[in-house]
Structures are given as C-alpha cells and as structure tokens.
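Beneath this line is the structure, given in structure tokens, with notes to follow.
All of the numbers you see were taken from the coordinates with simple rules; none came from a lab. The structure presented is a predicted model; accordingly, all values stated were derived computationally and were not measured. Neighbour counts are summed over all protein chains in view; Cβ atoms, including those assigned to glycine, are modelled from backbone coordinates with ideal geometry.
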Amino acid sequence: MISRRRSVLLLSALALGAMAACEPTNQGYEPEQPVAYSHAVHAGGQSIACTYCHYGAERGRYAGIPPASVCMNCHTKVLPDNEEVQKIVRAIELRDPIEWYRVHKLPDHAYFDHSAHVVTGELECQSCHGSVESMGLVRQEEPLTMGWCLDCHRQEEPAAPGAASDLPPGFAPAVGTNLVDCATCHR
Ligand code: HEC
Ligand code: HEC
Ligand code: HEC
Ligand code: HEC
Ligand code: HEC
C-alpha cells in the first residue's frame, strides 16, 4: 500500500512532469485601463519614483495601486481640466474608486511577497516588470511561471544559518530559507 505521504510525493512528481505542458502565462497581456494614465509620462518623463505610488512594495506582500487622492497631490495644480484628470476628480467626489484592471496575477496556490524581493535593494522593479517607465499601457513582460521564478532562485544563495541580517524581522526571509523548496512558494 502506498502511504499518504508517498502518494503526495508521487502526485507532486506527476504534477512536475505535466508542468511544462500546462504552465499558465499571460505574457504580453496589456489591457486598456479606465483612465488613460501613462507610466511613460510619469515614471519616464517626470521621473517620479515607482515607490512614490507603489509604496506597499517596500512594506509587504502587495505593491498596491495608488488611490485617486495620490494623483491629486499634483493634479489640483497640474492639468486640472484634463478630461482624464476629471475622471479622478469625479471618483473622489462620488467616492467611487477607479477599477483598474489587474495585469499581473499569480494563481492563488503560489505565494509571492514584494518586500522580500525589493527591500534588499539588489533587485529593481524592472527585473520582473520590464521597462515600465517607457510604457503607455502596462504590459506583462515576463512569463511569471514557476520555471521563471526558479531560474532566479537557483542562482541565489539562501542566507546561511548564523548570518546576520541588517533587515528588520518580517522584511527578510528567515535565515536558512531554502529558495527552491516547494514550501517557500506554496504555503
Ligand atoms: C504616479 C503614480 C505611479 C508611479 C510613479 C508609478 N506607477 Fe505603476 N501604476 C500606477 C497606476 C495608477 C497603475 C494602475 C493602472 C495601470 O496599470 O497603468 C499602475 C500599475 C502598475 C503595474 C501593473 C499592476 C498590475 O495590475 O499588475 C506595474 C507592474 C507598475 N505599475 C509598476 C511601476 C513601476 C516599475 C514604476 C516605476 C518605474 C511605476 N509603476 C511608477 C501608478 C504609478
Ligand atoms: C522578483 C520579481 C518582482 C519584483 C522585483 C517586483 N515585482 Fe511587482 N509583481 C511581481 C509578481 C510575481 C506579481 C504578481 C503577484 C501576485 O499575483 O500575487 C507582481 C505584481 C505587482 C503589482 C500588482 C499587484 C500588487 O502587488 O499590488 C504591482 C503594482 C507591482 N507588482 C509593482 C511593482 C513595483 C513598483 C516594484 C518595484 C518597487 C515591483 N513590483 C517589483 C514580481 C515582482
Ligand atoms: C508627482 C506629481 C504627479 C502625480 C502624483 C500624478 N501626476 Fe499626472 N502628471 C504630472 C505632470 C507634471 C504631468 C504633465 C506632463 C506633461 O506636461 O507632459 C502629468 C500628466 C498627466 C496626464 C495628462 C498627460 C497624458 O498622458 O496625456 C494625465 C491624464 C495624468 N497625469 C493622470 C494622472 C493620474 C491618473 C495620476 C494618479 C494615478 C497622476 N497623474 C499622478 C504629475 C503627476
Ligand atoms: C530576479 C530574481 C528573482 C525572481 C525572478 C524571483 N525571486 Fe523570489 N527571491 C529572490 C531573492 C534574491 C530572494 C531572497 C531575498 C533575501 O535574501 O532577502 C527571494 C525570496 C523569495 C521568497 C521568500 C520570502 C519570504 O518571505 O520567505 C519567496 C516566497 C519568493 N521569493 C517567491 C517568488 C516567486 C513566487 C517568484 C515568481 C513569481 C519569485 N520569487 C521570483 C529573487 C527572485
Ligand atoms: C520560487 C517559487 C516556487 C517554488 C520554489 C516552487 N513553485 Fe510551484 N509554482 C510556482 C508558481 C509561481 C506557480 C504558478 C505558475 C505556474 O503554474 O507556472 C507554480 C505552480 C505549481 C503547480 C501548478 C502547475 C500547473 O500547471 O497548474 C504545481 C503542481 C507546483 N507548482 C508544484 C511545485 C512543487 C512540487 C515544488 C517543489 C519541487 C514547487 N512547486 C516549487 C512557484 C514555485
């Protein structure tokens, strides 16, 4: 009889075998958005830092999309009568948040955390999202498949036991985290 544990392992092996055939990828996905906001204008032309708007990326799992009030930090003065800016003004007046279409989305069974990747300062947003600062519409540049995650994780040294981390607890993976262990990304 096959033990429960062994059948789980067998299933994992089968799943890994089938993986190449069923990797979901939305690479190239580039939806129109409800407001014609342009990264090329703001992160490119105006050189506004990514984390000015996506401040969640340094703090936790999600980078976050800025609320309309962040746009109005500037647009009460800059182009207040612009048609697209007016959509933002109305969203605030009617308390009806803009429903941006999500571009990058992993399946629920995979775990990803921005702060772990961003806070060390060694990885730029662009290594996973491409040159967003030259995009009018945001496009998914990378496949975001398990194979893609592993390509990078295999080259990284996990922090050795006893190694000091200058990052606060909760911002760095626990010392000794095995970056290719299934449980690191499937919890
Ligand atoms: C002025 C605010 C602002 C700045 C600065 C900004 N963004 Fe954004 N970002 C947004 C808004 C609003 C959206 C949602 C609309 C869209 O997708 O264009 C967004 C969407 C995104 C998305 C897609 C999110 C998803 O749904 O998957 C990525 C990736 C992204 N930004 C990365 C960046 C990077 C990298 C930079 C710096 C080079 C940057 N952003 C600078 C406001 C900003
Ligand atoms: C190591 C790769 C990697 C890096 C570096 C990275 N991202 Fe992401 N980003 C992802 C993945 C993967 C997703 C989809 C996550 C999910 O669906 O749970 C994502 C999703 C997003 C989203 C939409 C969902 C959310 O978290 O709000 C935004 C916005 C975003 N990234 C912005 C940024 C910005 C800005 C930076 C740099 C400060 C950055 N990302 C750095 C891989 C990365
Ligand atoms: C830090 C200041 C700042 C913030 C924050 C900001 N903008 Fe802008 N935005 C500008 C400036 C400056 C311009 C004018 C660029 C030019 O003259 O070409 C501009 C131009 C625009 C335009 C017209 C340009 C075009 O693409 O045709 C729109 C629409 C716009 N912004 C929407 C937004 C939205 C939506 C947000 C929030 C997600 C936002 N902006 C956040 C500074 C900002
Ligand atoms: C370009 C390189 C790169 C890519 C691509 C990448 N990672 Fe990572 N990841 C890292 C590094 C480096 C660390 C360790 C960071 C540290 O030592 O503080 C890490 C750590 C992690 C951790 C541990 C965080 C914690 O809180 O324990 C998880 C989970 C993770 N990555 C998931 C993913 C997933 C899922 C993907 C693909 C969607 C991915 N990563 C893509 C470089 C990458
Ligand atoms: C660095 C992060 C990471 C590690 C480590 C990792 N995975 Fe994944 N895995 C993902 C991501 C992201 C997805 C979703 C994208 C995809 O299906 O390629 C995924 C998808 C899967 C799927 C679903 C495949 C499908 O086609 O629907 C299975 C099954 C799976 N992983 C099993 C495993 C097993 C078993 C291990 C350990 C040997 C493992 N994973 C290690 C990130 C990881």
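Contour minus end-to-end for Leu137 and Glu30, with contour as 0.36 nm per residue of separation and end-to-end as the Cα-Cα distance?
Numbers: separation 107, 0.36 × 107 = 38.52 nm, distance 0.64 nm.
Result: 37.9 nm gained on full extension.
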Fill in: Estimated FRET transfer efficiency (Leu150, Asp81; beta-carbon r; R0 45 Å; 0.05)
0.35
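Once the Cβ-Cβ distance between Glu93 and Arg59 is put in as r, and R0 is 22 Å, what FRET efficiency do you end up with, to the nearest 0.05?
Numbers: r = 29 Å, r/R0 = 1.32.
Efficiency, rounded to the nearest 0.05: 0.15.
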